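This structure is in structure tokens; I'll ask about it shortly.
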Amino acid sequence: MPFDLPGVKSGSDLETLFKAIGFVVVQWGQTEQNLDLMIVGLFSYYKGHPLFVQRPRNLAPKVKFLRECFQKLPELKQFQTESESLLTRFLKAGEKRNDLVHGGIAELSIKDGAFVFLKLDVVTKERHSIRRVFLCDSEWPAFRKELQGLGKDVQSLSQRVRESLILRK
């Protein structure tokens, strides 16, 4: 099934941009879903525990919640070092992902080896700031690899946490 993009020439910078951003969106969705599945599993296992009152919805609260779990719950201590590294990577990649996905395209072609976006940040209710965000040709392979690695690593950790808790029941 062809997915033609009206007005976008095959092999153009714009097609490259759309493919890159599409990859980020799809890969991140799958990756963050694995994080969510770990949280759902923990909520199920620790039903009634005071730490498990309300499930976090956004990335920063999810990371904060999981950090607390790995620090405070004895059954999860064995995963604390690994999870800390993984959650730090999540926050860093999440910033780049948010900048790209929620930024507006400023240039329709590559300028000096990068696609340029404008990102509007809400500083306070009364004040906003605008900054430029770059998707650089030189940084893309590492970012793409990091997104793929995060997906694999969070899935692995989630599975091992689940297996560890199942063995305890």
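Averaged per residue, what accessible area in Å² does the chain show with a 1.4 Å probe, protein chains only?
Roughly 63 Å² per residue, with all protein chains present.
At 0.36 nm per residue, minus the direct Cα-Cα distance, what do Val8 and Ser138 gain on full extension? Give it in nm, one decimal, please.
Contour length minus Cα-Cα distance gives 44.4 nm.
Taking the chain as the reference, fit the longest principal axis to its C-alpha atoms, fit the long axis of helix 59-72 to the helix C-alpha atoms, and give the angle between the two in degrees, 0 to 90, nearest 10.
It is inclined by approximately 30 degrees.
Something else about it: Distance in nm between label sites at Lys19 and Glu146, each 7 Å beyond Cα in the beta-carbon direction?
2.2 nm
A further question on this structure: Of the GluC sites (Glu not before Pro) in the stretch 82-139, which ones lie in a loop per DSSP and count no more than 10 other C-beta atoms within 10 Å?
For GluC sites (Glu not before Pro) across the stretch 82-139 that sit outside H, G, I, E and B with at most 10 neighbouring Cβ atoms in 10 Å, the list reads Glu126.
Count neighbours as other Cβ atoms within 10 Å of each site's Cβ, and list the trypsin sites (Lys or Arg not before Pro) in the stretch 39-108 that are DSSP loop with at most 11 such neighbours.
Those that pass, being in a loop and sparsely packed, are Lys47, Arg57.
Mind giving me the nanometre distance, one decimal, between the label points for Asp36 and Thr88, set 7 Å out from Cα along Cα→Cβ?
Rounded to a tenth, the inter-label distance reads 2.7 nm.
Could you state the number of Å between the C-alpha centres of the stretch 78-101 and the stretch 126-144?
A separation of 17 Å, based on Cα centres.
Here are some values of volume of the Cα convex hull per residue in Å³: [x] 122; [y] 220; [z] 157. Which one was computed from this structure?
[z]
For Val53 and Glu126, FRET efficiency with R0 = 41 Å and r from the beta-carbon atoms, rounded to 0.05?
About 0.80, to the nearest 0.05.
Within the set Lys64/Lys92; Lys64/Lys119; Lys19/Lys145; Lys92/Lys145; Lys62/Lys92; Lys64/Lys152, which residue pairs have Cα atoms separated by over 18 Å?
Checking Cα-Cα distances, Lys64/Lys119; Lys64/Lys152 exceed 18 Å.
The values are calculated or read from the model by the stated rules, or taken from the named source; none is laboratory data. Since this is a predicted model, take the numbers as computed values, not measurements. Here the Cβ is made from the backbone with ideal geometry for all residues, glycine too, and neighbour counts use every protein chain on show. The accessibility values were calculated without ligands, DNA or RNA, using every heavy atom of the protein model including side chains. Shrake-Rupley method; radii C 1.70, N 1.55, O 1.52, S 1.80 Å.
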